Amino acid sequence: MASTSETGHAKNLANLDALITNVSNFGAIYNPSKAAIKVTALQSYATSCRTSLTGVNTAIAAYGNAVAAREIAYNPVSKLVTRIINALKATDVSINELWAS
């Protein structure tokens, strides 16, 4: 049976936002001694995470576009290379002779 739970960085960020909302609702009762888990620090961390996630999503989109463009550019070459390799296989030329020249 497949898992139905949501995973990933976006879900983690959503959970962080939910945590911030919950601890903010406590008001003055939520006053941890550790500075890293105070509401303001958590909000700052969430903002930093959101910026990083946006950067990653932008980079992934650019990478996908570059891969697609490369596939389109090399598509005509693929058939030519296959024909050349098949023609060389039909001859008695060894691999060492090909690279020696």
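Since every read-out is calculated from the coordinates, none of them should be taken as a lab result. All values reported here derive from a predicted model rather than from experimental measurement. Don't worry about glycine lacking a Cβ; one is built from the backbone with ideal geometry, like all the others, and counts go over all protein chains shown.
For an R0 of 41 angstrom, estimate the FRET efficiency from the Cβ-Cβ distance between Ile37 and Arg70 and round to the nearest 0.05. With a Förster radius of 41 Å, E is 0.35. Helix 39-90 and the longest principal axis of the Cα set of the chain meet at an angle near 10°. Between Ala18 and Thr54, the C-beta separation translates, for a Förster distance of 22 Å, into a calculated FRET efficiency of about 0.70.
Protection proxy ranking for 36-45, 88-97, 54-63, using the average of other Cβ atoms within 10 Å per residue and placing the highest first: 36-45, 54-63, 88-97. Comparing Ile29, Ile85, Ile72, which has the greatest mean-square fluctuation in the GNM of the chain with Cα pairs linked when under 10 Å apart? With Cα springs under 10 Å in the chain, the top fluctuation among Ile29, Ile85, Ile72 is at Ile85.
Gain on full extension, evaluated as 0.36 nm per residue between Tyr30 and Thr91 minus their Cα-Cα distance, stands at 14.0 nm.
Remark: the chain carries a charge dipole of roughly 200 debye about the Cα centre, counting +1 on each Lys and Arg Cβ and -1 on each Asp and Glu Cβ. Rounded, prolate or oblate for the chain? Axes are the square roots of the Cα gyration tensor eigenvalues, ordered a ≥ b ≥ c, and the cut-off for rounded is a/c under 1.5. Prolate is the answer for the chain, as a/c is 1.5 or above and a/b outweighs b/c.
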